[in-house]
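Each remark here refers to the structure printed beneath this line.
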Amino acid sequence: MSQTRIVEVRAGVLKKNDELARALRTRFEDAGVFVVNLVSSPGTGKTQLLERTLTELSAAGQRCAALVGDLETDNDARRLARSGVPVRQINTHGRCHLEAEMIGDFLGEWDLGALDVLFIENVGNLVCPASYDLGEALRVALLSVTEGEDKPQKYPTMFNSADVALITKIDLAEACEFDRGAAHAAIHDVRPGMTILELSAKRGTGMAEWHQLLADRRDTWRKANHK
């Protein structure tokens, strides 16, 4: 009986989240803001990638903002604020993921129509965030070369729910004896045909391709939504 009750509660939570996520997606579409949800385990370099991305897109005239999820502290938000774009920290206080309700609450009075791209840096976790739609247009899963090539096969739900995979810290690949071919094969085993980019936010490797992917996906999204 207790197991049945747990399943019922979880189903109810996810149903509520999906309803709120649909409302958020409509809100984002109406405002014309492209929302990107970055998901990964801790230590893949999400914050470093996002800081560089925000800085470079802002310099290129893109109007960006970010919501940052962590259990505690505002360390990442303060770091991302160095890019000069609006940033808000969401502390989950023990929850291992962000939920649609949190996103709605922390958007506050932001004028979404004044933004081109909103990034959401999810809590570092490869399990729970996979189940929670945040109304995003693009979900990007990060895999660091320091984690091992088989991580997608160990956490298939996360990579299967993503639209794009980024292999990060590629400048450390040789030192880590990282097998690129095996990593690509593991990702495609879980999500056949998924787009994969290799990059290093520290060195700048692959950043141009990352920006082009964002631009292309945003253009496709805008055409689909007649924005």
Which residues, taken from the range 82-138, are touching a His at 6+ places or on another chain (Cβ under 8 Å) and small (Gly, Ala, Ser)? 131
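Yes or no, residue by residue, for (1) closer than 20 Å to residue 207 by Cβ; (2) over 17 Å from the mean Cα position of the chain (by Cα); (3) of a type in the set (Gly, Ala, Ser):
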position: 21; (1), (2), (3): no, no, yes
position: 56; (1), (2), (3): yes, yes, no
position: 110; (1), (2), (3): no, yes, no
position: 127; (1), (2), (3): no, no, no
So which residues in the range 18-37 are farther than 15 Å from residue 98 by Cβ and either polar (S, T, N, Q) or touching a Phe, Trp or Tyr at 6+ places or on another chain (Cβ under 7 Å) (or both), if there are any at all? 26, 34
In the range 144-153, what residues are farther than 16 Å from residue 47 by Cα and either small (Gly, Ala, Ser) or without any contact (Cβ under 8 Å) to a residue 12 or more places away in the chain (or both)? 148
Kindly indicate whether residue 51 is closer than 21 Å to residue 141 by Cα and either under 16 Å from the mean Cα position of the chain (by Cα) or not hydrophobic (A, V, I, L, M, F, W, C) (or both). yes
Within the range 118-172, can you find the residues that are aromatic (Phe, Trp, Tyr) and under 24 Å from residue 88 (Cβ atoms)? 119, 132
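Looking for whichever is under 30 Å from residue 91 (Cβ atoms) and at pLDDT 95 or above here; the options are 185, 114, 175. Which one fits?
Values: 185 fails: under 30 Å from residue 91 (Cβ atoms); 175 fails: under 30 Å from residue 91 (Cβ atoms).
Being under 30 Å from residue 91 (Cβ atoms) and at pLDDT 95 or above holds for just one of 185, 114, 175, which is 114.
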Has the range 36-55 got any residue that is closer than 24 Å to residue 222 by Cβ, acidic (Asp, Glu) and at pLDDT 95 or above? no
Is one or more of the residues making up the range 158-170 surrounded by fewer than 20 Cβ atoms within 10 Å (Cβ to Cβ), out of contact with any Lys or Arg (no Cβ under 7 Å at 6 or more places or on another chain) and farther than 22 Å from residue 215 by Cα? no
I need every pair where a residue in the range 204-220 that is under 15 Å from residue 170 (Cβ atoms) has its Cβ under 8 Å from the Cβ of a residue that is small (Gly, Ala, Ser) and not in a helix (DSSP H, G or I), sequence separation at least 6 or different chains. 206/200; 207/201
Identify the residue in the range 188-209 that is surrounded by fewer than 17 Cβ atoms within 10 Å (Cβ to Cβ) and acidic (Asp, Glu) and, among all such residues, is modelled with the lowest pLDDT. 189
Quick check: is even one residue across the range 170-186 within 17 Å of residue 44 (Cβ to Cβ) and in contact with a His (Cβ under 9 Å, 6 or more places away or on another chain)? no
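The values are calculated or read from the model by the stated rules, or taken from the named source; none is laboratory data. Given the structure is predicted, the values throughout are model-derived calculations rather than measurements. We place every Cβ from the backbone using ideal geometry, glycine too, and count neighbours over all the protein chains shown.
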